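Chemist: Handing you this structure, nothing more for now.
The values are calculated or read from the model by the stated rules, or taken from the named source; none is laboratory data. Keep in mind it's a predicted model, so treat the numbers as computed, not measured. Neighbour counts run over all protein chains shown; Cβ positions are idealised from the backbone, glycine included. In case anyone asks, the SASA skips ligands and DNA or RNA and just uses the protein heavy atoms, side chains included. Shrake-Rupley method; radii C 1.70, N 1.55, O 1.52, S 1.80 Å.
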There are 2 protein chains.
Amino acid sequence: MTAAMTHDTVDFDPALDLVLQRDLNAPRHLIWRCWTTPEHLVNWFVPKPHRVTACHLDVRPGGACNTTFDVDGNVMENRGVYLEVVPEERLVFTDTYTEGWKPAAEPFMTAILTFEDLGDGRTRYTAVARHRTPENAKAHADMGFQDGWGTVATQLEAYARGLL
Amino acid sequence: MTAAMTHDTVDFDPALDLVLQRDLNAPRHLIWRCWTTPEHLVNWFVPKPHRVTACHLDVRPGGACNTTFDVDGNVMENRGVYLEVVPEERLVFTDTYTEGWKPAAEPFMTAILTFEDLGDGRTRYTAVARHRTPENAKAHADMGFQDGWGTVATQLEAYARGLL
């Protein structure tokens, strides 16, 4: 239960994993706070002008990671749980389960986020979206993973800087 | 991250979940130690005369929960991870992932164990085996879940009493 320090790396499988890495000009503790606090997350989590209309986060293994989006008037419900929480270092969540360890009918992905302090108030942010099948990974790429998560990383950086 | 106390209950779905409950005549801290320590676990974890021939446990969310059985000369490898660890209260593990949050090709179940201190050195032990589909739950029942997990609970109680 103390081995978190040994898990700074993520084993990457190009057939199943999509990855976005950015060096953000904002300190790690603020990036972490933006990811783990509903009142912050709603401000940057989807590409604008789409909106997060609801957010319930219970940031512990098995706790809810639920968000609702409004995309051009269409409501999208995203329900999941956190799998691993290492404050300011690593956050893992998935739609494979919902709260209470209930298996989802159609699990899509597991997100493995790592946050590295680069000094000078900068943070290396790495997001791995891991899929159960190569087909799901391809579908996610075709949905615009790089553009979407990239836009969101830019929004995150700008919003976090506003908290400085 | 402090909400563990609010999660003493397990939402039960009869279509997906198999459950075994036993009041064990052994104190909770020993039952917990038997479940989380390889050198203890190998002594009671499969119905005798079958044997556990290897055991690697990294008892934290995302840590390995790997065992190897010898069943009449057939080697069975079981690889998984812990999902939730609340010392002496709750232990959740699954074969849905292997270490490093790698999705398994054929996930079978999630085990949700709860341990309740009954006083007088006794422990209420509840094991829920949760499946992704009713078909998997039925297959597990047909494989002899109740007899197998029941035998193992009896072995666990006897072994834990030997540690008194």
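Chemist: Kindly list the number of the only condition in (1) out of contact with any Ser or Thr (no Cβ under 9 Å at 6 or more places or on another chain); (2) closer than 27 Å to B:LEU118 by Cα; (3) open to solvent by less than 40 Å² (accessible area, probe 1.4 Å) that fails for B:ARG33.
Modeler: Exception for B:ARG33: condition (3).
Chemist: Would you be able to tell me the number of residues in region A:105-118 that are in contact with a strand residue (DSSP E or B) (Cβ under 6 Å, 6 or more places away or on another chain), open to solvent by 20 Å² or more (accessible area, probe 1.4 Å) and within 11 Å of chain B (Cβ to nearest Cβ)?
Modeler: Of the residues in region A:105-118, 1 are in contact with a strand residue (DSSP E or B) (Cβ under 6 Å, 6 or more places away or on another chain), open to solvent by 20 Å² or more (accessible area, probe 1.4 Å) and within 11 Å of chain B (Cβ to nearest Cβ).
Chemist: While we're looking at this one, here's another question. Listed residues B:ARG33, B:ARG22, B:ARG28; which is within 14 Å of another protein chain (Cβ to nearest Cβ) and under 29 Å from B:ARG161 (Cβ atoms)? Let's see the steps before the verdict.
Modeler: On the way: B:ARG22 fails: within 14 Å of another protein chain (Cβ to nearest Cβ); B:ARG28 fails: within 14 Å of another protein chain (Cβ to nearest Cβ).
Being within 14 Å of another protein chain (Cβ to nearest Cβ) and under 29 Å from B:ARG161 (Cβ atoms) holds for just one of B:ARG33, B:ARG22, B:ARG28, which is B:ARG33.
Chemist: Identify, from the list B:THR53, B:THR96, B:THR123, the residue that is of a type in the set (Ser, Thr, Tyr) and closer than 22 Å to A:TYR97 by Cβ.
Modeler: Values: B:THR53 fails: closer than 22 Å to A:TYR97 by Cβ; B:THR123 fails: closer than 22 Å to A:TYR97 by Cβ.
Every option except B:THR96 fails the conditions.
Chemist: Oh, and also: Would you mind finding the one in A:LEU24, A:LEU57 that is open to solvent by 20 Å² or more (accessible area, probe 1.4 Å) and in contact with a helix residue (DSSP H, G or I) (Cβ under 6 Å, 6 or more places away or on another chain)? Lay out the reasoning, then the answer.
Modeler: Values: A:LEU24 fails: open to solvent by 20 Å² or more (accessible area, probe 1.4 Å).
Answer to the check: A:LEU57.
Chemist: On to the next question. Can you say whether A:LEU57 is aliphatic (A, V, I, L, M) and farther than 30 Å from B:VAL10 by Cβ, as far as the supplied structure shows? Let's see the steps before the verdict.
Modeler: Details: aliphatic (A, V, I, L, M): yes; farther than 30 Å from B:VAL10 by Cβ: no.
Here the answer is no, as A:LEU57 does not meet what is asked.
Chemist: I've got another one for you. Which members of region B:93-112 meet the condition of being in contact with a Phe, Trp or Tyr (Cβ under 7 Å, 6 or more places away or on another chain) and part of a strand (DSSP E or B)?
Modeler: Correct list: B:PHE93, B:PRO103, B:THR110, B:ALA111, B:ILE112.
Chemist: Taking strands (runs of 3 or more DSSP E) that fall entirely within region A:1-92, which contain at least 2 residues that are touching a His at 6+ places or on another chain (Cβ under 7 Å)?
Modeler: A:65-71
Chemist: Sticking with this structure for a sec: Against the conditions (1) at pLDDT 95 or above; (2) at the interface with chain A (Cβ under 10 Å from one of its Cβ atoms), where does B:THR2 fall short? Just the number, please.
Modeler: Checking B:THR2 against (1) at pLDDT 95 or above; (2) at the interface with chain A (Cβ under 10 Å from one of its Cβ atoms), the one that fails is (1).
Chemist: Determine which single condition A:TRP149 fails, assuming it passes every other condition in (1) under 13 Å from the mean Cα position of the chain (by Cα); (2) open to solvent by less than 30 Å² (accessible area, probe 1.4 Å).
Modeler: Of (1) under 13 Å from the mean Cα position of the chain (by Cα); (2) open to solvent by less than 30 Å² (accessible area, probe 1.4 Å), only one is false for A:TRP149: (2).
Chemist: Restricting to region B:84-104, give me the number of residues that are in contact with a Ser or Thr (Cβ under 7 Å, 6 or more places away or on another chain), facing another protein chain (nearest Cβ under 8 Å) and among the hydrophobic types (A, V, I, L, M, F, W, C).
Modeler: Residues in region B:84-104 being in contact with a Ser or Thr (Cβ under 7 Å, 6 or more places away or on another chain), facing another protein chain (nearest Cβ under 8 Å) and among the hydrophobic types (A, V, I, L, M, F, W, C): 2 in total.
Chemist: Sticking with this one: Exactly one of (1) at pLDDT below 95; (2) more than 9 Å from chain B (Cβ to nearest Cβ); (3) out of contact with any helix residue (DSSP H, G or I) (no Cβ under 7 Å at 6 or more places or on another chain) is unmet by A:ASN66. Its number?
Modeler: (1)
Chemist: In the list B:GLY100, B:GLY144, which residue meets the criterion of being over 20 Å from A:TYR82 (Cβ atoms) and open to solvent by less than 60 Å² (accessible area, probe 1.4 Å)?
Modeler: Exactly one of B:GLY100, B:GLY144 is over 20 Å from A:TYR82 (Cβ atoms) and open to solvent by less than 60 Å² (accessible area, probe 1.4 Å), namely B:GLY144.
Chemist: Looking for whichever is more than 14 Å from chain A (Cβ to nearest Cβ) and without any contact (Cβ under 8 Å) to a residue 60 or more places away in the chain here; the options are B:VAL59, B:VAL52. Which one fits?
Modeler: Just one listed residue meets the conditions, B:VAL52.
Chemist: Could you tell me whether A:VAL42 is open to solvent by 50 Å² or more (accessible area, probe 1.4 Å) and in contact with a Cys (Cβ under 7 Å, 6 or more places away or on another chain)? Give the derivation first.
Modeler: Working: open to solvent by 50 Å² or more (accessible area, probe 1.4 Å): yes; in contact with a Cys (Cβ under 7 Å, 6 or more places away or on another chain): yes.
Answer is yes for this residue.
Chemist: To continue, here is another question. Give the residues of region B:90-109 that are within 16 Å of A:GLU106 (Cα to Cα) and of a type in the set (Ser, Thr, Tyr), sorted by residue number.
Modeler: First, pick out the residues of region B:90-109 that are within 16 Å of A:GLU106 (Cα to Cα): B:96-97, B:103-109.
Listed by number, the residues that qualify are B:THR96, B:TYR97.
Chemist: Now for a separate question. Which residues, taken from region B:5-51, are modelled with pLDDT of 95 or more and aromatic (Phe, Trp, Tyr)?
Modeler: B:TRP32, B:TRP35, B:TRP44, B:PHE45
Chemist: Kindly indicate whether any position in region A:71-90 is under 18 Å from A:HIS56 (Cα atoms), open to solvent by less than 30 Å² (accessible area, probe 1.4 Å) and acidic (Asp, Glu).
Modeler: The answer is yes, given that some residue of region A:71-90 is under 18 Å from A:HIS56 (Cα atoms), open to solvent by less than 30 Å² (accessible area, probe 1.4 Å) and acidic (Asp, Glu).
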